[in-house]
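Have a look at the structure below, then the notes.
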Amino acid sequence: MSSIPVIAIDGPSASGKGTVAERVATALGFHFLDSGALYRLTALSAMKQGAALDDEARVAELAVTLPATFRGGAIWLGDENVTDAIRAEAVGEGASKVASLPAVRAALLDRQRAYRQVPGLVADGRDMGTVVFADAVAKIFLTASAEARAERRYKQLIEKGNSASLPSLVADMQARDARDTARAVAPLKPAPDALLLDTTHMDIESAVQAVLAHYRNNCK
Ligand code: C5P
């Protein structure tokens, strides 16, 4: 048990939790953990090494020794800047596959907990409130309908000059949700004591304010 406060923000892909978590961390001057990036880095590392994504022992070994650093807003794997590479759809798919392997999840536990440092941490993921920081002072489960999330992802892709198909994004979103929700270890589900925040009809700023209010109510 640690006295350093953690705000755990969990939810499905493209629910807006990454942006909300970062803004909450900035508002409070807290550290920020993007746990999904660690799963993405593990998948990218396996893909680069030609390891099969279902080779549990080998992928777990890669996860333990992952030469990952987060500095100056960029994400590095060894001396390679992989900030954009880890956001590729193929790497997201790979992350979701390696995330279903118990040994990989176990391998990343200590690394995630090491981010808990003064004055506090905002942790974004799928199992922050249920497993990694089960003693978090505030837990939030952020959702939005699959259609709303696919539309957000669609806009992001188009703004970056990529081509995208809305129906296939909805299908991808539903497939990834199903895999994350159905897996045996640390499935995507709200902690019993989490605040449920449905952002289908809510903008980012209102979600940030709701999280800050929940934290302030809980830490008194
Ligand atoms: O959040 P993000 O989309 O970057 O996460 C990529 C994948 O990593 C997710 O689809 C999920 O399968 C996995 N993940 C996880 N547990 C976390 C964070 C991410 O299983 N705490």
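The values are calculated or read from the model by the stated rules, or taken from the named source; none is laboratory data. It should be emphasised that the depicted structure is a prediction, and the values quoted were computed from it without experimental measurement. We place every Cβ from the backbone using ideal geometry, glycine too, and count neighbours over all the protein chains shown. These accessible areas exclude ligands, DNA and RNA; they are computed on the full protein's heavy atoms, side chains included. Shrake-Rupley method; radii C 1.70, N 1.55, O 1.52, S 1.80 Å.
The table below lists the values:
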quantity: Order by protection proxy (mean Cβ within 10 Å, highest first), peptides 124-132, 164-172; calculated: 124-132, 164-172
quantity: Computed [θ] at 222 nm, helices only, for the chain once each DSSP H run of length n ≥ 4 contributes -39500 (n - 2.57); calculated: -15000 deg cm²/dmol
quantity: The stretch 1-17 and the stretch 83-151: distance between their alpha carbon centers, rounded to Å; calculated: 8
quantity: Backbone HN-Hα couplings from phi across the stretch 192-203 [Karplus 6.51/-1.76/1.60, Hz, Gly and Pro as x]; calculated: x, 9, 8, 7, 8, 10, 8, 9, 3, 10, 10, 8
quantity: Dipole of the chain [Lys/Arg +1, Asp/Glu -1 at C-beta], most positive-end residue of Val6, Ile158, Ala186; calculated: Val6
quantity: Carbon and sulfur %, accessible surface of the chain computed with the full protein complex present, 1.4 Å; calculated: 55
quantity: Antiparallel %, DSSP beta bridges [both residues in the stretch 6-215], to 5; calculated: 25
quantity: Cα coordinate range in the stretch 18-98, projected on the principal axes (Å, largest first); calculated: 41, 24, 21
quantity: Amide H within-cut-off set for Asp198, under 5 Å, with H built and near neighbours excluded; calculated: Thr143
quantity: Shape metrics for the stretch 118-220, restricted to C-alpha atoms - Rg then Dmax, Å; calculated: 15.6, 48
quantity: Alpha carbon Rg of the stretch 123-172, scaled by the compact-globule rule 2.2 N^0.38 Å; calculated: 1.54
quantity: The stretch 168-183 - phi-based ³J(HN,Hα) in whole Hz, Karplus 6.51/-1.76/1.60, Gly and Pro as x; calculated: 6, 5, 4, 5, 4, 4, 5, 5, 5, 4, 5, 5, 5, 7, 8, 5
quantity: Cα-based equivalent ellipsoid of the chain: semi-axis lengths in Å, sorted from largest, via gyration tensor; calculated: 25, 22, 17
quantity: Loop sites in the stretch 134-194: trypsin sites (Lys or Arg not before Pro), DSSP, at most 10 other Cβ within 10 Å; calculated: Lys160
quantity: Accessible area of the chain divided out per residue, in Å², using a probe of 1.4 angstrom; calculated: 47
